[in-house]
Every structure is written in structure tokens, then in C-alpha cells.
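Trainee: Encoded as C-alpha cells, here's the structure I'll be asking about.
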Amino acid sequence: MTFKKKIKLRVGLAVGYAVLGALMIVLSFFIADEDAYLSSFGLILAVMGLVRCKQYLPLLTDQERLRRREIAETDERSVMIVNRARSLTLTVFTTLCCLTVTALSVLGLREIALTLAAAVFVLTVIYLILYGILSKRY
Amino acid sequence: MDNRIRALRKEAGVTQDELAGAVGVTRQTILSLENGKYNASLQLAFRIARYFDKPIEEVFLYREEDI
């Protein structure tokens with residue numbers, strides 16, 4: 001897929017978010033006892049969609065800006081930094097979760113500890129599966 | 001890994017931004033390469049060497065201690 005096509009796809013998604021957000025806001029007026037969750041979430045979605053439209057639409061008409069954006073997104077050093085940050089985040093997050101599970105267990109909050117431990121377990125399993133798949137591919 | 005990118009760039013009278021645009025990376029990447037903070041991939045190393053019309057060994061200085 002060319003970068004221009006990727007940007008068009010993002011614009012399409014942004015329009016989708018904006019429309020969905022607007023629909024949620026409109027729907028919230030017709031739901032009795034709506035506790036502002038639908039309208040708030042709809043507003044966030046609509047604003048996010050509009051901001052992304054504003055961000056991406058100019059790229060479709062300005063070749064130079066599109067080229068610079070492509071370079072910024074595919075620059076190998078930037079990609080390396082993002083991947084390393086993600087990897088470190090996973091390590092730090094998992095470690096913090098394990099410490100939190102231990103603390104919650106000691107405090108007697110077993111149900112919350114068990115839920116958090118299960119989440120960490122699923123995360124680890126997903127990581128191992130993806131590692132296996134990528135090892136075979138590369 | 002050491003490199004002669006800064007010296008070659010100045011010889012050619014080219015800015016970091018111009019070099020970055022020519023080889024398809026950001027100016028920050030060229031800066032990091034010149035300061036020795038980042039090692040280029042093989043693809044990028046070839047593109048830079050080709051830009052300066054030099055063999056890759058004349059642009060990037062590989063030493064045994066880099067292993």
C-alpha cells in the first residue's frame with residue numbers, strides 16, 4: 001500500500017470517528033436516564049475524528065508535506081526508538097503489575113489481585129505466541 | 001561505528017536537511033549519525049554512500065572493537 005493510500009484510509013477512519021461520535025451525541029438526547037457517558041464519549045470521538053481530519057487532509061493535496069510526513073513516519077531511527085520504548089514499557093508495566101498483585105494479595109484484596117494477575121498472564125502468553133510466530137517468519 | 005558523514009557533507013556543501021531529504025530520513029537521524037549516537041542500517045549506509053558517490057568503507061569506518 002502506498003503512503004498516500006494509507007493517509008486516505010486514515011482520513012476515512014477519522015471521518016468515521018467523527019460521524020460515530022456525532023451519532024452518539026444525538027442518541028444520548030433520546031435515551032432516558034443517560035448518565036452522560038454516551039454524550040461524553042461521543043464528544044471525545046467526534047473531536048478526535050475532526051482533529052485527525054485536519055491533520056491528514058492537507059497531506060493529500062501537498063506532495064512535499066506528504067513526502068516529509070512519510071519520511072518522519074518511516075525514518076529508521078524513529079521506528080527504532082518507538083520499538084524500544086514499547087519494549088521497555090512492557091517490561092516496566094509487567095513488573096509494576098507483579099508488584100501490585102503481591103501488594104494487593106498481602107492487603108487481602110484477592111479478587112482484584114487475581115484479575116490483575118490473569119491480565120499479566122494473558123499478556124505474557126500473547127507475547128510468547130507472537131515471539132514464536134515472528135521467529136519462524138524471520 | 002565511526003563515519004565521515006559530516007566531513008563529506010561539508011565538502012559537498014550540503015546541509016543536514018538536504019542530505020536527510022535525499023536519503024529519506026529525518027534531519028535528527030543525520031545529526032545522530034554524525035554524532036555517533038546512532039548506527040545506520042545497511043540500507044541507509046548504502047544510500048548515504050551512493051549519495052556521496054563513495055564506497056561504503058570510505059563513509060563508514062568499521063573497527064574490530066565494534067563487534
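Every number here is computed from the coordinates shown, using simple stated rules; none is lab data. As the structure is a prediction and not an experimental result, all values here were calculated from the model. With ideal geometry, Cβ positions are generated from the backbone for all residues, glycine too; neighbour counts draw on all protein chains shown.
Trainee: As a footprinting exposure proxy, order B:Thr26, A:Thr115 by other Cβ within 10 Å, with the fewest listed first.
Mentor: Starting with the residue having the fewest Cβ neighbours, the order is A:Thr115, B:Thr26.
Trainee: Chymotrypsin sites (Phe, Trp or Tyr not before Pro), restricted to the stretch B:18-67: which are DSSP loop and have at most 13 other Cβ atoms within 10 Å?
Mentor: Qualifying residues, ordered by number: B:Tyr62.
Trainee: Right, here's the next one. Quote the charge dipole size of the protein assembly as shown about the Cα centre in Debye, to the nearest 20; the model charges only the Cβ of Lys and Arg (+1) and of Asp and Glu (-1). Intermediate results must be reported in sequence, preceding the final value.
Mentor: Details: 27 positive and 21 negative charges, 107 e Å.
Dipole of the protein assembly as shown, to the nearest 20 debye: 520 debye.
Trainee: Toward the positive end of the charge dipole of the protein assembly as shown, about the Cα centre and with charges on Cβ (Lys, Arg +1; Asp, Glu -1), which of A:Ile31, A:Thr95, A:Leu109 goes farthest?
Mentor: Working it through, the farthest residue towards the positive pole turns out to be A:Ile31.
Trainee: Do any chymotrypsin sites (Phe, Trp or Tyr not before Pro) in the stretch A:1-92 lie in a DSSP loop with no more than 13 other beta carbon atoms within 10 Å, and if so, which?
Mentor: Within the stretch A:1-92, the qualifying chymotrypsin sites (Phe, Trp or Tyr not before Pro) (loop, at most 13 other Cβ atoms within 10 Å) are A:Phe29, A:Phe30.
Trainee: Taking the dipole about the Cα centre of chain B, with the C-beta of Lys and Arg at +1 and of Asp and Glu at -1, give me whichever of B:Val59, B:Thr15, B:Asn35 is farthest to the positive side.
Mentor: Checking the options against the dipole of chain B, the answer is B:Thr15.
Trainee: Then there is this: So how many Lys-Lys pairs in the protein assembly as shown land under 26 Å Cα to Cα, not counting same-chain pairs under 8 apart?
Mentor: 7
Trainee: Could I ask something else about it? Express the relative contact order of chain A as a whole percentage, based on alpha carbon pairs under 8 Å and six or more residues apart in sequence.
Mentor: 18 percent
Trainee: Under a point-charge model restricted to the Cβ atoms of Lys and Arg (+1) and Asp and Glu (-1), what is the dipole moment magnitude of chain B relative to its Cα centre, in debye to the nearest 20?
Mentor: Working: 10 positive and 11 negative charges, 49 e Å.
Charge dipole of chain B: 240 debye, to the nearest 20.
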